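Each value in this text was obtained by applying a stated rule to the coordinates, not by laboratory testing. Only a predicted model underlies this, so the values are computations on that prediction, with no experimental measurement involved. Virtual Cβ from ideal backbone geometry, glycine too; neighbours counted across all protein chains shown.
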Amino acid sequence: MLVPINSIRGELIDSEPMKKHTSLRVGGAAEYFYKPSDLDDLAYFLSALSSNISIFWLGRGSNILVRDKGLSGVVISSSKILKEIREINGLTIEVEANVPCSMLAKKCIRWGLGPSEFFSGIPGSFGGALAMNAGAYGNETWERVISVKTIDRNGKIKNRNKEEYQIDYREVKGPINEWFISAILKFESNVIASMDRQKKMLEQRKLSQPLGKPSCGSVFRNPPGNFAAKLIEQSNLKGYRIGGAHVSTKHANFIITDERACAKDVEQLIEHIKAIVKKLHDISLICEVKIIGNS
């Protein structure tokens, strides 16, 4: 038993299929899957968990590929908690990790906080955006961050300054075995968010991306001075298929899955794209999607 079952208030599930919780809709089962009822319940669960049990923190599953043999240890899902946005003052807000980035954009625009429209172009949760410094339309998440609140695997909550993290393009390095609970964001007094600008961004996204289909968003980072989608398209890989996974014909940096797909199809397609782009363009694409689980 992971923890004394009578002492937790959340939902603990054995062998939970991860394809139910990822936007690619593929992947094996999590050995254990826990949905805490609130932050206190999460803190207790972590404090009672043995240190030799691995933990994977799941947001909205929009940027991960879980291999077909699943995940050992426990997956912690924040689906029931951490959904609040609080106004601190005129330019500063606190955003919890499970807030959808699209909802964050809407709230900021309503409050007149800018630049914030770009959050509309980031799929998934704000916690995921923090973890990878997600961005869109020329802006990045950590440009707005002042400080963050985290929880460690012992259930202790910590406040950390932005300076404690190394922030790069689509990469964030900080204290290990800690997960983001929330962040303080500060916006600019001379930039007013625009609903019209957001609508134009969303229209552009609808026209250029295969929305509504099973995918993980952008698969590869853009190389310096170039675009992953352009390199993939120039490699004649649009529509290329392995099993139930194929390169989108609408946006070459998206992989789409169908009902036949398994995680192995997606991973093999990722490796094939990398190999062809390297061969034709001598550029090594770096995967943006996080590949996890047992091989």
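Distance from the Cα centre of region 118-183 to that of region 76-96, in angstrom?
Spelled out, the Cα-based centre of one part sits 13 Å from the other.
Mind running the shape call on the chain? Use the C-alpha gyration tensor, a ≥ b ≥ c as the square roots of the eigenvalues: rounded below 1.5 for a/c, prolate if a/b tops b/c, oblate otherwise.
Judged from the Cα gyration tensor, the chain comes out oblate (a/c at least 1.5, b/c at or above a/b).
For region 85-186, calculate the relative contact order in percent as a whole number, restricting contacts to Cα pairs under 8 Å that are 6 or more residues apart.
After rounding, I find 29 percent.
Work out how much length R160 to S147 would gain on full extension: take 0.36 nm times their residue separation and subtract the Cα-Cα distance, in nm to one decimal.
Stretched fully, the R160-S147 segment lengthens by 4.1 nm.
Going by C-beta contacts inside 10 Å, put Y137, Y169 in order with the fewest on the left.
Fewest-to-most Cβ neighbours within 10 Å comes out as Y169, Y137.
Please give me the summed charge of the neighbours of K213: other residues whose Cβ is under 11 Å from its Cβ, Lys and Arg +1, Asp and Glu -1.
So the surrounding residues net to +1.
Along each principal axis of its Cα atoms, how long is region 210-292 end to end? Whole angstroms, biggest number first, please.
Sorted from largest, the Cα extents of region 210-292 read 35, 24, 23 Å.
Can you tell me the convex hull volume per residue for region 1-129, based on C-alpha atoms, in Å³ to the nearest whole number?
Once divided by residue count, the hull of region 1-129 is 108 Å³.
If you wrap a convex hull around the Cα atoms of region 63-154, how much volume per residue is inside, in Å³?
117
For region 104-119, what does the Karplus curve 6.51 cos²θ - 1.76 cosθ + 1.60, with θ = phi - 60°, yield as ³J(HN,Hα) per residue in whole Hz, taken in order and with x for Gly and Pro?
Per residue, the Karplus-derived 3J(HN,Hα) values read 4, 4, 4, 5, 5, 5, 4, 8, x, 8, x, x, 9, 4, 4, 4 Hz.
Which of E164, E233 comes first, and how do the rest follow, when ranked by fewest Cβ neighbours within 10 Å?
E164, E233
Using Cβ contacts closer than 10 Å as the measure, can you line up S23, S208 from fewest to most?
Result, fewest neighbours first: S208, S23.
Count the net charge of all other residues whose Cβ sits under 13 Å from the Cβ of I283, scoring Lys and Arg as +1 and Asp and Glu as -1.
+4
Report for region 5-77 the percent antiparallel among DSSP-assigned beta bridges with both residues inside it, nearest 5.
Counting only bridges with both partners in region 5-77, antiparallel ones make up about 45 percent.
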